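Enquirer: Below you will find the structure I want to go over with you.
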Amino acid sequence: MTPRLPWDAIHTVLLDMDGTLLDLHFDNFFFQETVPRAYAEKNGLDLATARIQVFDAYQDNRGTLAWYDLDHWSRQLGLEIAILKEEVAHLIRVHPHALSFLAALRASGRPAHLVTNAHAISLNMKLARTPIGDYLTSIITSHEVGKAKEEAAFWPLLMERLGFDPATTLLVDDSEPVLAAAQTFGIAHLRHIANPSSGLPPKPSARFPSVVDFRELALPDP
């Protein structure tokens with residue numbers, strides 16, 4: 001059982017987007033299905049061969065800013081990635097109870113900052129199709145900072161921008177490498193999202209307290 005958050009000790013909340021506030025099924029489907037199919041069609045390949053080539057390219061860039069850079073993938077794969085994303089944009093969805101959580105955060109007066117690795121094209125697409133932006137104090141992308149969230153150098157740069165105290169800050173994220181980097185920096189309160197995608201079963205973390213529903217992060221009644 002994941003312990004309840006000590007909300008009296010939390011003054012700032014940092015929230016991931018893809019897999020945390022939003023269903024990761026959209027991104028998984030796009031990169032695992034849409035991109036390989038488009039690559040196969042463009043290059044006259046069978047789908048199995050295209051998958052191997054595309055997934056090898058992914059692996060070479062995982063955990064870096066390039067992995068999250070849609071312009072990079074357009075150049076690397078010779079595809080119009082932004083246009084392809086629009087074709088499956090109907091899959092963009094907010095996780096259940098995430099908006100209620102955001103509303104409670106706003107009512108509590110605590111700043112809620114979106115901290116995402118998402119590229120500007122993807123971010124703007126999701127902000128246009130969901131209301132999450134209405135609840136956020138600010139939005140910071142790793143592309144602005146110049147480091148991916150998995151990198152140790154990201155966190156002091158983020159603190160410099162936002163001015164938070166790591167000892168009184170909560171980070172909610174579905175990525176164990178991101179949580180580990182934040183923990184090493186000194187973020188005191190960490191929660192792992194165990195069900196980032198509606199297309200996959202929940203997978204709790206062995207390293208961090210995990211939740212499968214935003215109601216498990218509920219703030220105390222005012």
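Enquirer: Could you tell me which of the residues 186, 199 is touching a residue at least 12 places away in the same chain (Cβ under 8 Å), within 17 Å of the chain's Cα centre (by Cα) and either surrounded by fewer than 16 Cβ atoms within 10 Å (Cβ to Cβ) or over 14 Å from residue 13 (Cβ atoms) (or both)?
Expert: 199
Enquirer: Could you identify the single residue in 20, 34 that is at pLDDT 95 or above, under 30 Å from residue 131 (Cβ atoms) and part of a helix (DSSP H, G or I)?
Expert: 34
Enquirer: Considering every residue within the range 196-208, establish whether at least one is at pLDDT 95 or above, in a strand (DSSP E or B) and more than 16 Å from residue 25 (Cα to Cα).
Expert: Looking through the range 196-208, none of the residues is at pLDDT 95 or above, in a strand (DSSP E or B) and more than 16 Å from residue 25 (Cα to Cα).
Enquirer: From the set of residues in the range 62-88 that are without any contact (Cβ under 8 Å) to a residue 12 or more places away in the chain and more than 17 Å from the chain's Cα centre (by Cα), which is nearest to residue 178 (Cα to Cα)?
Expert: Ranking the qualifying residues of the range 62-88, first place goes to 72.
Enquirer: For residues that are modelled with pLDDT of 95 or more and farther than 15 Å from residue 175 by Cα, tally how many sit in the range 1-17.
Expert: 9
Enquirer: So which of 110, 106, 161 ends up being out of contact with any helix residue (DSSP H, G or I) (no Cβ under 8 Å at 6 or more places or on another chain), at pLDDT 95 or above and farther than 17 Å from residue 26 by Cβ?
Expert: Numbers: 106 fails: out of contact with any helix residue (DSSP H, G or I) (no Cβ under 8 Å at 6 or more places or on another chain); 161 fails: out of contact with any helix residue (DSSP H, G or I) (no Cβ under 8 Å at 6 or more places or on another chain).
Step by step, each of 110, 106, 161 is checked, and only 110 is out of contact with any helix residue (DSSP H, G or I) (no Cβ under 8 Å at 6 or more places or on another chain), at pLDDT 95 or above and farther than 17 Å from residue 26 by Cβ.
Enquirer: Does residue 172 meet the test of being among the hydrophobic types (A, V, I, L, M, F, W, C) and touching a Leu at 6+ places or on another chain (Cβ under 6 Å)?
Expert: Criteria met by residue 172.
Enquirer: Looking at residue 176, is it farther than 25 Å from residue 91 by Cβ and either surrounded by fewer than 16 Cβ atoms within 10 Å (Cβ to Cβ) or out of contact with any helix residue (DSSP H, G or I) (no Cβ under 6 Å at 6 or more places or on another chain) (or both)?
Expert: No: the conditions fail for residue 176.
Enquirer: Taking residue 179 as the residue in question, decide whether it is in a helix (DSSP H, G or I) and either assigned by TED's automatic domain parsing to the domain that holds residue 101 or closer than 20 Å to residue 18 by Cα (or both).
Expert: Criteria met by residue 179.
Enquirer: For the range 74-94, enumerate the residues that are under 22 Å from residue 20 (Cβ atoms) and not β-branched (Val, Ile, Thr).
Expert: Within the range 74-94, 85, 89, 90, 91, 93 qualify.
Enquirer: Would you be able to say whether some residue in the range 37-44 is under 29 Å from residue 202 (Cβ atoms), at pLDDT 95 or above, surrounded by 14 or more Cβ atoms within 10 Å (Cβ to Cβ) and of a type in the set (Phe, Trp, Tyr)?
Expert: Among the residues of the range 37-44, not one is under 29 Å from residue 202 (Cβ atoms), at pLDDT 95 or above, surrounded by 14 or more Cβ atoms within 10 Å (Cβ to Cβ) and of a type in the set (Phe, Trp, Tyr), which makes the answer no.
Enquirer: Any residue at all in the range 52-65 that is among the charged types (D, E, K, R), part of a helix (DSSP H, G or I), touching a His at 6+ places or on another chain (Cβ under 8 Å) and not assigned by TED's automatic domain parsing to the domain that holds residue 212?
Expert: Let us first name the residues in the range 52-65 that are among the charged types (D, E, K, R), namely 56, 60, 62.
Narrowing further to those that are part of a helix (DSSP H, G or I): 56, 60.
Imposing the further condition that a residue be touching a His at 6+ places or on another chain (Cβ under 8 Å) reduces the set to none.
Within the range 52-65, none of the residues are among the charged types (D, E, K, R), part of a helix (DSSP H, G or I), touching a His at 6+ places or on another chain (Cβ under 8 Å) and not assigned by TED's automatic domain parsing to the domain that holds residue 212.
The values are calculated or read from the model by the stated rules, or taken from the named source; none is laboratory data. Computed from a prediction, not measured in an experiment: that's the story for all the values here. Please note: Cβ atoms are built from the backbone with ideal geometry, for glycine as well, and neighbour counts cover all protein chains shown.
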